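S.K.: If you scroll down you'll find the structure; I have some questions about it.
FYI, it's all coordinate maths here, none of it is from the lab. Just so you know, these numbers come straight off a predicted model, no measurement behind them. Neighbour counts run over all protein chains shown; Cβ positions are idealised from the backbone, glycine included.
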Amino acid sequence: MNFLIVTHVLHAKKEAKFFAYAPYVKEMNLWLKYVDKVTIVAPLLPNKEIRPIDIAYEHDQIDFRPIPAFNLLSVKSSLKALLVLPIIFFRIIAAMRKADHIHLRCPGNIGLIGCVAQIFFPSKTKTAKYAGNWDPNSKQPFSYRLQKRILSNTFLTKNMNVLVYGDWQHQTKNIKSFFTATYRDTDKEAVNVLTLDGIIKFSFVGSLSTGKRPLLAVQIIEDLKKRSYNVRLDIYGDGVMRNELERYIEKNKLQEYIILHGNVAGEQIQKVHKTSHFMMLPSKSEGWPKVVAEAMFWGSLPIVTKISCVPYMLDEGNRGILIDPTLENAVTEIENVLNDSEKYQESVQNAIAWSRTYTLDTFEQELKSLL
């Protein structure tokens with residue numbers, strides 16, 4: 001089988017190997033275990049540095065078809081996009097013509113072009129992984145909404161399984177609720193469920209960007225401390241908001257119980273989840289936030305905004321805390337659990353049981369059925 005991947009993910013080449021963002025490549029390597037040949041249509045940047053968060057595809061038959069990267073963020077870049085769009089479209093068409101299975105990675109600019117191109121190949125088997133927010137009522141860029149419309153239109157999109165996060169009502173027959181995973185069945189060691197005695201530990205794991213709202217996480221802990229709760233927040237990740245967070249922590253004298261750790265290895269994050277009572281992620285948008293499922297796997301109760309498929313993951317609050325992105329609401333919802341240790345223990349147990357049904361072993365079986 002010649003398995004075609006069409007993606008916007010930036011790639012680099014080193015010694016005949018192709019590298020890209022590790023979480024994406026790890027997932028794709030699971031698909032590639034079951035195919036004979038791989039064709040990749042994606043941007044390949046010259047002299048792109050291999051970052052610590054990049055890994056290589058694991059396959060010995062890769063045909064890489066480079067295309068230009070582009071965006072529509074300015075007038076200049078939009079004009080450039082008009083010039084390269086025909087090149088990208090016809091390279092995708094040429095690759096699809098020779099493919100046995102077409103796999104699109106959405107949403108994204110390249111994914112949109114792939115959505116249009118696949119219309120011309122109704123008889124080929126296809127999958128699309130929509131890694132963003134599939135919520136029909138969410139506010140999203142026009143290009144994202146257009147991709148969703150094409151993918152869910154069974155007249156334009158034939159012979160395709162569209163993999164989306166969450167279980168949404170009134171979907172067309174080709175929309176398949178899906179998930180992603182980090183751990184295997186062999187990782188299911190016993191969890192020591194924490195009690196709410198002593199220091200109550202919170203973690204934040206993610207990029208320090210406006211979209212993840214790390215400042216709100218800091219302010220929640222600050223407010224809980226003012227209400228005499230014995231709390232601590234450990235922040236893992238880096239990004240454009242780091243300096244702002246450092247200034248806020250210093251100005252308000254929060255250094256004793258709010259600590260910025262920067263980026264750390266995945267093994268350390270696993271230890272963080274095992275020793276934290278709660279994991280906060282008050283994001284503006286998510287697809288299937290793996291860090292939430294990972295925290296649940298190790299008994300750290302997630303505190304997350306009501307976005308995308310997160311309410312589904314948390315069973316509307318029975319295996320985590322759902323908050324609105326306001327300080328008052330967030331603190332109130334967290335206090336309800338802090339003051340009810342029985343509810344906390346029950347929620348943690350529910351979270352552990354649910355997250356451990358979504359392992360890489362289950363994921364691989366689902367992928368094999370799609371191929």
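S.K.: Round to the nearest 10 and give me the degree value, 0 to 90, for the angle of helix 266-275's Cα axis relative to the longest principal axis of the chain.
M.R.: Compared with the principal axis, the helix lies near 30 degrees.
S.K.: Could I ask something else about it? Please report, for the Cα atoms of the range 295-371, the Rg to one decimal and the Dmax as a whole number; what are they, in angstrom?
M.R.: 14.6, 49
S.K.: Roughly how big is the range 203-282's charge dipole about its Cα centre, with Cβ charges of +1 (Lys, Arg) and -1 (Asp, Glu), in debye to the nearest 20?
M.R.: 220
S.K.: State to the nearest 20 debye the size of the charge dipole of the range 105-199 about its Cα centre, where the only charges are +1 on K and R beta carbons and -1 on D and E beta carbons.
M.R.: Using only the charged Cβ atoms, the result is roughly 760 debye.
S.K.: Enter the angle in degrees (range 0 to 90, nearest 10) between the Cα long axis of helix 22-32 and the first principal axis of the Cα atoms of the chain, meaning the one along which they spread out most.
M.R.: Helix 22-32 sits roughly 50 degrees off the main axis of the chain.
S.K.: Here is a follow-up. Please check the chain for the longest run free of GluC sites (Glu not before Pro) that are loop-located per DSSP (anything but H, G, I, E, B) and have at most 16 other Cβ atoms within 10 Å.
M.R.: Details: sites that count: Glu15, Glu49, Glu58, Glu189, Glu256.
Answer from the scan: 59-188.
S.K.: Classify the range 178-221: rounded, prolate or oblate, from the alpha-carbon gyration tensor (a ≥ b ≥ c, eigenvalue square roots; a/c under 1.5 rounded; otherwise prolate if a/b is larger than b/c)?
M.R.: Oblate shape, in that a/c is at least 1.5 and b/c is the bigger or equal ratio.
S.K.: Can you give the Rg and Dmax of the chain based on its C-alpha atoms, in angstrom?
M.R.: Spelled out, the Cα radius of gyration and Dmax of the chain are 21.8, 65 Å.
S.K.: Turning to a different aspect of this structure: So for the chain: antiparallel DSSP bridges make up what percent, rounded to the nearest 5?
M.R.: 10
S.K.: While we're here: Helix 360-370 versus the longest principal axis of the chain: what is the Cα-based angle in degrees, 0 to 90, to the nearest 10?
M.R.: 30
S.K.: About its Cα centre, what dipole magnitude does the chain give when the only charges are +1 on Lys and Arg Cβ and -1 on Asp and Glu Cβ, stated in debye to the nearest 20?
M.R.: Here the chain has a charge dipole of around 1720 debye.
S.K.: As a check on your grasp of the helix formula, calculate [θ] at 222 nm for the chain: sum -39500 (n - 2.57) over DSSP H runs of n ≥ 4, divide by the residue count, round to the nearest 500.
M.R.: Taking each H run of at least 4 residues, the total per residue is -11500 deg cm²/dmol.
S.K.: Another question, if that's okay. Counting alpha carbon pairs within less than 8 Å and at least 6 residues apart, what relative contact order, in whole percent, applies to the chain?
M.R.: That works out to 14 percent.
S.K.: Find, among the trypsin sites (Lys or Arg not before Pro) in the range 230-284, those assigned to loop by DSSP (not H, G, I, E, B) with at most 15 other beta-carbon atoms within 10 angstrom.
M.R.: Here the trypsin sites (Lys or Arg not before Pro) that fit, given the DSSP loop and packing criteria, are Lys253, Lys284.
S.K.: Now, a different point. By counting other Cβ atoms within 10 Å of each Cβ, how are Met96, Met1, Met160, Met296 ranked from fewest to most?
M.R.: Ranking Met96, Met1, Met160, Met296 by Cβ neighbours within 10 Å, fewest first, gives Met1, Met96, Met160, Met296.
S.K.: From the backbone phi of the range 347-357, what are the Karplus-calculated ³J(HN,Hα) couplings (6.51 cos²θ - 1.76 cosθ + 1.60, θ = phi - 60°) in whole Hz, Gly and Pro given as x?
M.R.: Result, ordered by residue: 5, 4, 4, 4, 5, 4, 4, 5, 5, 7, 8 Hz.
S.K.: Rounded to the nearest 0.05, what FRET efficiency is calculated for Arg247 and Lys226 with R0 set to 22 Å and r the Cβ-Cβ distance?
M.R.: Values: r = 20 Å, r/R0 = 0.89.
Step by step, r from the Cβ atoms, then E = 0.65.
S.K.: So what's Rg/Rh here for the range 189-355, counting alpha carbon atoms and using the Kirkwood radius for Rh?
M.R.: Numbers: Rg = 14.4 Å, Rh = 15.6 Å.
In the range 189-355, Rg relative to Rh is 0.92.
S.K.: Using the 10 angstrom Cβ neighbour count as an exposure proxy, how do Val35, Val164, Val331 rank, fewest first?
M.R.: Arranged by neighbour count, lowest to highest, Val35, Val164, Val331 become Val35, Val331, Val164.
S.K.: Once the mean 1/r over all distinct Cα pairs of the range 127-176 is inverted, what Kirkwood radius in angstroms do you read off?
M.R.: Its Kirkwood hydrodynamic radius stands at 11.1 Å.
S.K.: Cut-off is 10 Å between beta-carbons; in what order do Thr357, Thr157, Thr326, Thr362 appear when sorted fewest neighbours first? Present the calculation step by step, with values, prior to reporting the outcome.
M.R.: Numbers: Thr357 9, Thr157 21, Thr326 12, Thr362 15.
With the fewest neighbours first, Thr357, Thr157, Thr326, Thr362 line up as Thr357, Thr326, Thr362, Thr157.
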